[in-house]
Amino acid sequence: MPSTAKRQDSKSNGKPGPKHNIDAVREAFYERISKRDMAPLWKVMKSVVTKEPVTRCVPHVWHYDDVKALVMESGGLISAEEAMRRVLILENPALHGESKATNTLFAGIQMILPGEVAPAHRHVSSAIRFVLDGEGAYTAVEGEKAFMSPGDFVITANWAPHDHGNPSKKPMLWLDVLDFPAVNFFEASFADYFDEKDKMQSTTRGDGDSAAFYASGVLPDGAPITLNRSPVINYTYARTRPILDRLKKAGEVDKSHGARVRYANPINGGPVLPTMGASLALFPKGFKGEPYRSTDATIFACAEGKGKTIIDGKPYEWGVNDVFVVPSWKTFHHEPAEESVLFSISDKPAQEVLGIWREGN
């Protein structure tokens, strides 16, 4: 009885109760474990295991007229050789200083002027080029020079030596997309910068050999059957664009994605690169896409036409050579003002291998 009376007295006198005591004990505990470089998961559980994807990226459009003027200006400031790669980074506005267009992908606009060579190097990061402007420059990859035209899709696989040259009389500009933010997340980056005398690779194959050998419905005897990246260097627009017209004519027009083809590894039908997958899609005049979303943040580039993409209810207008980003799990749909073609690339293959990719609407 006396002990009960004492507890009642302490409450009536306004002294700390059991709830106050446990809060103080917990805070003292958190402070002690912090000194051991530990922290309680239960305090941050809902922020690290989120109910739905949470992205730091924001939607954004880089309009080519603005970008081209600045890239051209950079040509008078630094040479392709001095810069190694004369590229202006397309930084997501929410990720300034991180060299990212999405959380896993880098994007930039590269220019090479007439007579220039961007020296040979190689790196663990995989890269692609989607040609925007100019004709007659090349990317040399593993001994094959791929001479490029607008709309061409050129790949540089993991650790493949590559250089660029422009024997034409006009500047050439293209969109670069690399997976180095993902590679750097795993802290797995390596690179080789070749000697001064090795600015250009020796050409051991003809332009288009890789497409002729591997992308014509036949394969050379002895071709590897387990290659996890495409052996094709250049998926030319001249070969790919007519397929979109045939799909449209056949009525193969997806309600969200239009008449779309996926760039594929011809050996196994898989993605062109293990970390990045790309597509090309035609949207007929009057097309209004159904809303769509997925966990892969996507970079788009307009090859033909003009229109707008509605992202989370806000319109983002685009035209030829404009580049725009749709962040992860943001609902979007396309509304072209005329027949239009959009290139797109994302980290979907990597997410699929990890078993984390999802889509919805």
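Does residue 166 satisfy being buried (at least 22 other Cβ atoms within 10 Å of the Cβ) and either under 23 Å from residue 101 (Cα atoms) or modelled with pLDDT of 95 or more (or both)? Considered against the rule, which asks whether it is buried (at least 22 other Cβ atoms within 10 Å of the Cβ) and either under 23 Å from residue 101 (Cα atoms) or modelled with pLDDT of 95 or more (or both), residue 166 comes out as yes. Each residue in region 45-78 was checked for being in a helix (DSSP H, G or I), among the β-branched types (Val, Ile, Thr) and either open to solvent by 60 Å² or more (accessible area, probe 1.4 Å) or farther than 30 Å from residue 193 by Cβ (or both), and 1 of them qualify.
Taking the criterion of being within 25 Å of residue 136 (Cα to Cα), outside any strand (DSSP E or B) and among the aliphatic types (A, V, I, L, M), the residues of region 79-120 that qualify are 80, 83, 84, 90, 113. Kindly indicate whether residue 113 is open to solvent by 10 Å² or more (accessible area, probe 1.4 Å) and closer than 24 Å to residue 62 by Cα. Answer is yes for this residue. Cβ-Cβ distances below 8 Å connect the following pairs, each with a first residue in region 208-224 that is under 13 Å from residue 144 (Cβ atoms), a second residue that is open to solvent by 60 Å² or more (accessible area, probe 1.4 Å), and a separation of six or more residues or different chains: 211/239; 213/219. From 95, 70, 88, 77, which residue is out of contact with any Asp or Glu (no Cβ under 9 Å at 6 or more places or on another chain) and closer than 30 Å to residue 361 by Cα? None of the others qualify; the one that does is 95.
Scanning region 135-157 for residues that are under 24 Å from residue 300 (Cβ atoms) and either touching a residue at least 40 places away in the same chain (Cβ under 8 Å) or assigned to a strand (DSSP E or B) (or both) turns up 139, 146, 148, 149, 150, 151, 152, 153, 154, 155, 156, 157.
Yes or no, residue by residue, for (1) under 17 Å from residue 274 (Cα atoms); (2) of a type in the set (A, V, I, L, M, F, W, C):
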| position | (1), (2) |
| --- | --- |
| 322 | no, no |
| 325 | no, yes |
| 331 | no, no |
| 337 | no, yes |
| 340 | no, no |
| 343 | no, yes |
| 349 | yes, no |
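Residues in region 308-320 that are surrounded by fewer than 23 Cβ atoms within 10 Å (Cβ to Cβ) and either in a loop (DSSP other than H, G, I, E, B) or of a type outside the set (Val, Ile, Thr) (or both): 308, 312, 313, 314, 315, 316, 317, 319, 320. Looking across region 204-245, the residues that are charged (D, E, K, R) and either surrounded by 12 or more Cβ atoms within 10 Å (Cβ to Cβ) or touching a Leu at 6+ places or on another chain (Cβ under 8 Å) (or both) come down to 205, 207, 209, 229, 239, 241, 245. As a summary of the residue check, residue 106 satisfies the conditions (1) open to solvent by less than 40 Å² (accessible area, probe 1.4 Å); (2) farther than 22 Å from residue 329 by Cβ except for the one numbered (2).
Scanning region 121-134 for residues that are among the aliphatic types (A, V, I, L, M) and not in a strand (DSSP E or B) yields a count of 1.
The values are calculated or read from the model by the stated rules, or taken from the named source; none is laboratory data. Treat the numbers as computed from the prediction; the structure is a model and nothing was measured. Positions of Cβ are generated from backbone atoms using ideal geometry, with glycine treated the same way; all protein chains shown enter the neighbour counts. All accessible areas refer to the heavy atoms of the entire protein, side chains included, with ligands and DNA or RNA removed. Shrake-Rupley method; radii C 1.70, N 1.55, O 1.52, S 1.80 Å.
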